[in-house]
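**Q** Sharing a structure below in structure tokens format, with a few things to ask.
Bear in mind these aren't lab numbers, they're just calculated from the coordinates by the rules spelled out. These figures come from a predicted structure and were not determined experimentally. Positions of Cβ are backbone-derived with ideal geometry, glycine not excepted, and every protein chain shown enters the neighbour counts.
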């Protein structure tokens, strides 16, 4: 063996060791060193191309900021506001394609969007288990029920822009299902906080569009096949009785199967928000799974901590098997 070939062999060996080391730190798209699912940069696609209903309501320039209070998983998170041009970002499966797709609604109180911890990082996790993640950057602020600091009161939006965007997106997914390698009978939604409210909204407002039909995509069904809501908000507004659900969420027996999860010590959306939702779903006979953890507070995402609530993604995956969205 020549010296040159010997050196080449050493270099190849070192390269293999490096690859093995990287694979040990990155399992199913999760990077242990940075405590996050690795983000694959994807192209944003506008959801409205010909006509956008109520397009002049959102003013100002779209703004992105790094936020440190509170840190999540020991790191900053990214917030976006003044979204006037809603877009989707598609994260194709990194594992074997299950045919399942999930549209992701980040939270942010309908004032902004926690676009990474409740958006892109969720999509990366979904992609790592063979599910197409579709991140919806819906219009904000004041696109759904929101807290108005001028009156210290809850207000309803002038127009339900976020629900318009959600309906449009579900129709687009159905319209492009074959092109995007998605089973049209396995399209769900997941949302966090205000995004959890949007999950409830689209789960109960799918029979007809709340905006004028613009094209063939708007003629497709916008009903999700399943729904996942983590620490949903705005579930007790417009109520006068204890344990009464917001009447703008008209649950019936046709509401899709639902998974709910929350921390008991959530200081933003207290436990009664998800509890009244669960009670109404259960009363209507909707197959529902509900998990409560003692600790976890609000907006924990998929970043690793030492809390048991971090296991929520395994619970979701098991539930998707249970409702026959993912094969065993």
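**Q** Under the 0.36 nm per residue contour assumption, what length would be gained going from the current alpha-carbon distance of residue 239 and residue 210 to full extension?
**A** 8.1 nm
**Q** What value, in deg cm²/dmol to 500, does the helix sum -39500 (n - 2.57) over DSSP H runs of n ≥ 4 give at 222 nm once divided by the residues of the chain?
**A** -8000 deg cm²/dmol
**Q** Another question, if that's okay. Hey, rough spin-label estimate for residue 59 and residue 158, points 7 angstrom out along Cα→Cβ, what's it come to in nanometres?
**A** Using points 7 Å along Cα→Cβ, the separation is 0.8 nm.
**Q** Take every DSSP beta bridge whose two residues both sit in the chain, then give the antiparallel share in percent to the nearest 5.
**A** Around 50 percent of the beta bridges assigned by DSSP in the chain are antiparallel ones.
**Q** Give, in nm to one decimal, the length gained when the segment between residue 179 and residue 307 is fully stretched (0.36 nm per residue of separation minus the Cα-Cα distance).
**A** Roughly 42.1 nm would be gained on extension.
**Q** When only Cα pairs under 8 Å and 6 or more residues apart are kept, what is the percent relative contact order across the chain?
**A** Value for the chain: 14 percent.
**Q** Modelled label-to-label distance, residue 221 and residue 71, 7 Å Cα→beta-carbon offset: nm?
**A** 4.6
**Q** Relative contact order (percent) for region 241-292, with alpha-carbon contacts under 8 angstrom and 6 or more residues of separation?
**A** Relative contact order of region 241-292: 49 percent.
**Q** Hey, another quick one. Label-point separation (nm) for residue 292 and residue 318, each offset 7 Å from Cα along Cα-to-Cβ?
**A** Reported label-point gap for residue 292 and residue 318 is 1.9 nm.
**Q** Something else now. Suppose R0 equals 30 Å. What FRET efficiency, 1/(1 + (r/R0)^6) with r the Cβ-Cβ distance, do residue 254 and residue 45 give to the nearest 0.05?
**A** Calculated transfer efficiency: 0.50.
**Q** I would also like to ask the following. What do the square roots of 5 times the Cα gyration tensor eigenvalues come to for the chain, in whole Å, largest first, as semi-axes of the equivalent ellipsoid?
**A** Rounded to whole Å, the semi-axes are 35, 23, 21.
**Q** Next up: Given C-alpha coordinates of region 174-230, what is the ratio Rg to Rh with the Kirkwood estimate of Rh?
**A** Reported Rg/Rh, Kirkwood definition of Rh: 0.99.
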